[in-house]
Amino acid sequence: MPKKYSDEFKADAVAVYLEHPGAPYKEIAADLELNSETLRGWVQASRKAPVTGGSLIRRIVPQIRDHRAAAAF
């Protein structure tokens, strides 16, 4: 059964992707523990009807990346 994501989560995920021009869907989706095609679909849908709201993910994604970078050493 597919996971259900809140509108806020979707808005945040799209915002994170859009704030990182040139980043592949796969990279952003991995940070958010999403399938890259799910993220791509949300981004494409947002271009037709922009989503609003959300800020939690935008705050935690940099922390996730920092943690992964530190763990890689």
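The values are calculated or read from the model by the stated rules, or taken from the named source; none is laboratory data. Just so we're clear, the structure is a prediction, and the values are computed from it rather than from any experiment. Here the Cβ positions follow ideal geometry from the backbone for every residue, glycine too, while neighbour counts run over all protein chains shown.
When you look at Glu37, is it out of contact with any strand residue (DSSP E or B) (no Cβ under 6 Å at 6 or more places or on another chain) and either at pLDDT 90 or above or exposed (fewer than 15 other Cβ atoms within 10 Å of the Cβ) (or both), yes or no? Steps first, please.
Numbers: out of contact with any strand residue (DSSP E or B) (no Cβ under 6 Å at 6 or more places or on another chain): yes; either at pLDDT 90 or above or exposed (fewer than 15 other Cβ atoms within 10 Å of the Cβ) (or both): yes.
Spelling it out, Glu37 is indeed out of contact with any strand residue (DSSP E or B) (no Cβ under 6 Å at 6 or more places or on another chain) and either at pLDDT 90 or above or exposed (fewer than 15 other Cβ atoms within 10 Å of the Cβ) (or both).
Identify the residue in the range 22-41 that is part of a helix (DSSP H, G or I) and of a type in the set (Asp, Glu) and, among all such residues, is nearest to Arg68 (Cα to Cα).
Here is the first cut: in the range 22-41, the residues part of a helix (DSSP H, G or I) are 25-32, 36-41.
With the extra rule that they be of a type in the set (Asp, Glu), the set shrinks to 27, 31, 37.
Numbers: Glu27: 12, Asp31: 9, Glu37: 22 Å.
In this case the residue turns out to be Asp31.
Considering each residue of the range 10-21, count those that are closer than 11 Å to Leu39 by Cα and either aromatic (Phe, Trp, Tyr) or not in a helix (DSSP H, G or I) (or both), and give that number.
So the answer is 1.
Exactly one of (1) modelled with pLDDT of 90 or more; (2) surrounded by 12 or more Cβ atoms within 10 Å (Cβ to Cβ) is unmet by Val51. Its number?
It is condition (1) that Val51 fails.
Please tell me if Asp12 is surrounded by 11 or more Cβ atoms within 10 Å (Cβ to Cβ), at pLDDT below 90, among the acidic types (Asp, Glu) and within 11 Å of the chain's Cα centre (by Cα).
yes
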